[in-house]
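I have placed the structure first, in the form of C-alpha cells, so that the comments after it can refer back to it.
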Amino acid sequence: MSDANKFAYVQDWNRKLGELGWWHSFEMPDGSVVEGVCSLEGLKRRLAQFPIPYDLSGKRVLDIGAWDGFFSFEMEKRGAEVVAIDCWDNERFRLMRSMLNSRVDYRILDMYELTPATVGKFDLVIFFGVLYHLKHPHSCAGTNLRAHNRLSMRRHVRLRR
C-alpha cells in the first residue's frame with residue numbers, strides 16, 4: 001500500500017460519519033437498527049472480547065469517552081447504573097438517550113478530573129477508543145484506577161520503539 005493510500009480508511013470513516021451521522025450503530029427496542037460507521041455486529045464482537053457479565057444488575061459502570069453511546073446503553077441494557085463521560089457535549093448521545101428512553105447519567109468531564117469525589121466508585125470502568133487520543137496516557141491510569149472498586153477494562157496497546 002502506498003503512503004498516499006495508507007490512511008484512506010480514515011477518510012472513508014469521515015465520509016460515512018458525514019452521511020450517517022452516527023459513529024456507533026444501535027439496535028432499537030422495536031428491532032430496527034440505526035446504522036453508524038461501526039456496524040452493530042462489529043460492536044458486539046468487540047464487546048464480546050472482554051469478560052463482562054451479561055447481568056450487571058446492581059453494578060455501577062463508568063464509560064469514559066462514550067461518544068454517541070453504544071457501550072453505555074449496552075451496559076444499561078444489562079442492568080447497570082451507568083455514568084458516561086466525554087470531554088465534549090455530543091448531541092447524538094443525548095438524542096439516542098432520548099430515543100432509547102435511557103437513564104444513563106451523561107456528564108461532560110475531562111478524564112483527568114475523575115476521582116471518587118467527582119463521580120463515585122464503579123464496579124466496571126470501560127475505556128474504549130480513548131487512550132491513543134491522550135497527551136499523557138500514563139497519567140490517566142492512576143486516575144481511572146482510583147475511580148473503581150474491582151475491575152477496569154481498557155483497550156490494550158503495545159508501544160513500540
Filter segment 62-104 down to residues that are small (Gly, Ala, Ser) and crowded, with 21+ Cβ neighbours inside 10 Å, then give me how many there are. 5
Here are some conditions: (1) closer than 23 Å to LYS121 by Cβ; (2) within 12 Å of the chain's Cα centre (by Cα); (3) acidic (Asp, Glu). ASP68 meets all but one. Which one does it not meet? (1)
Being modelled with pLDDT of 95 or more and among the hydrophobic types (A, V, I, L, M, F, W, C) is the filter here, so list the residues in segment 89-116 that pass it. PHE93, LEU95, MET96, MET99, LEU100, VAL104, ILE108
Selection from segment 65-82 of residues that are closer than 16 Å to PHE128 by Cα, out of contact with any helix residue (DSSP H, G or I) (no Cβ under 6 Å at 6 or more places or on another chain) and among the aliphatic types (A, V, I, L, M): MET75
Only residues that are of a type in the set (Asp, Glu) and either in a helix (DSSP H, G or I) or surrounded by 15 or more Cβ atoms within 10 Å (Cβ to Cβ) (or both): list them for segment 17-54, please. GLU19, GLU27, GLU35, GLU41
What strands (runs of 3 or more DSSP E) completely inside segment 71-129 contain at least 1 residues that are in contact (Cβ under 8 Å) with a residue 12 or more places away in the chain, farther than 24 Å from PRO51 by Cβ and not aromatic (Phe, Trp, Tyr)? 81-86, 105-108
Given (1) surrounded by fewer than 13 Cβ atoms within 10 Å (Cβ to Cβ); (2) in contact (Cβ under 8 Å) with a residue 12 or more places away in the chain, where does TYR9 come up short, assuming only one miss? (2)
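The values are calculated or read from the model by the stated rules, or taken from the named source; none is laboratory data. Just so it is clear, the structure is predicted and the values come from calculations on it, not from any experiment. Positions of Cβ are backbone-derived with ideal geometry, glycine not excepted, and every protein chain shown enters the neighbour counts.
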